[in-house]
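Undergrad: Can you read through this structure? Questions will come right after.
Please treat every number below as a calculation from the coordinates, not as lab data. A quick note: this is a predicted structure, and the numbers were derived from the prediction, not measured. FYI the Cβ positions are ideal-geometry reconstructions off the backbone, even for glycines, and counts take in every protein chain you see.
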Amino acid sequence: MSTAGERSARIRANLDERSSGIGSNLAGRRQALAQGLIRDLSEIIPRQVEPPTLRREEKKGSIPSARGVAHYNYQPGSGGSGSSIASPLEEVNYGSRLYHTNGIPSTDGLFVYPLLSRLLLEDANGEPVEIYLAGTSAPTP
């Protein structure tokens with residue numbers, strides 16, 4: 001028969017052997033569960049598609065320096081002698097105004113306001129300027 005010390009040493013050795021086997025078994029199960037979880041999550045989460053890249057452009061040389069030249073295109077009438085109107089415009093004779101015959105009636109119909117038909121003005125160069133104004137229809141109350 002064996003002594004109590006030997007028996008307890010054997011029991012401890014068996015317990016250590018079983019606990020290491022159980023530990024490695026648990027570690028294997030944990031590893032399998034972790035891999036399954038990763039697989040399931042990767043199926044749920046959409047994969048990020050790498051965006052397309054632009055192709056490289058060939059390097060081109062710079063534009064050589066040169067003296068700039070501008071060709072002026074003068075508009076007609078800007079040569080000094082023409083029919084342009086010089087500011088300011090002034091009304092020389094107030095009595096030279098012409099009015100429409102029917103005028104503009106007030107909304108209540110009691111008054112008729114005069115409506116200008118032609119206005120004679122003079123520009124800064126002393127040239128006459130005529131402005132013709134359109135008539136209007138009577139307002140409907």
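Undergrad: With unit charges on the beta carbons (Lys and Arg positive, Asp and Glu negative) and the dipole taken about the Cα centre of the range 86-141, which residue among G109, L89, G135 sits farthest to the positive side?
TA: Sorting the options by dipole projection puts first G109.
Undergrad: Continuing with this model, one more query. Measuring from label point to label point, each 7 Å out along Cα→Cβ, what is the A66 to S84 span in nm?
TA: Once both label points are built, they end up 3.2 nm from each other.
Undergrad: Next question, about the same structure. Within the chain, what is the longest stretch that has no chymotrypsin sites (Phe, Trp or Tyr not before Pro) placed in a DSSP loop and near at most 12 other beta-carbon atoms within 10 Å?
TA: 1-71
Undergrad: Continuing with the same structure: Between S96, S106, S20, which gets the highest mean-square fluctuation from a Gaussian network model of the chain, Cα cutoff 10 Å?
TA: Checking each option, the largest mean-square fluctuation is seen for S20.
Undergrad: For the range 1-57, which trypsin sites (Lys or Arg not before Pro) pass both filters: DSSP loop (anything but H, G, I, E, B) and at most 14 other C-beta atoms within 10 Å?
TA: Answer by residue number: R47, R55, R56.
Undergrad: For the chain, find the longest principal axis of its Cα atoms and tell me its angle to the long axis of helix 4-44, 0 to 90°, nearest 10.
TA: Between helix and principal axis, roughly 20 degrees.
Undergrad: Over the chain, what relative contact order in percent results from Cα pairs under 8 Å that are six or more residues apart?
TA: 15
Undergrad: If exposed GluC sites (Glu not before Pro) are those in a DSSP loop with at most 13 other Cβ within 10 Å, what is the longest stretch of the chain that has none?
TA: Between the exposed loop sites, the longest stretch runs 1-56.
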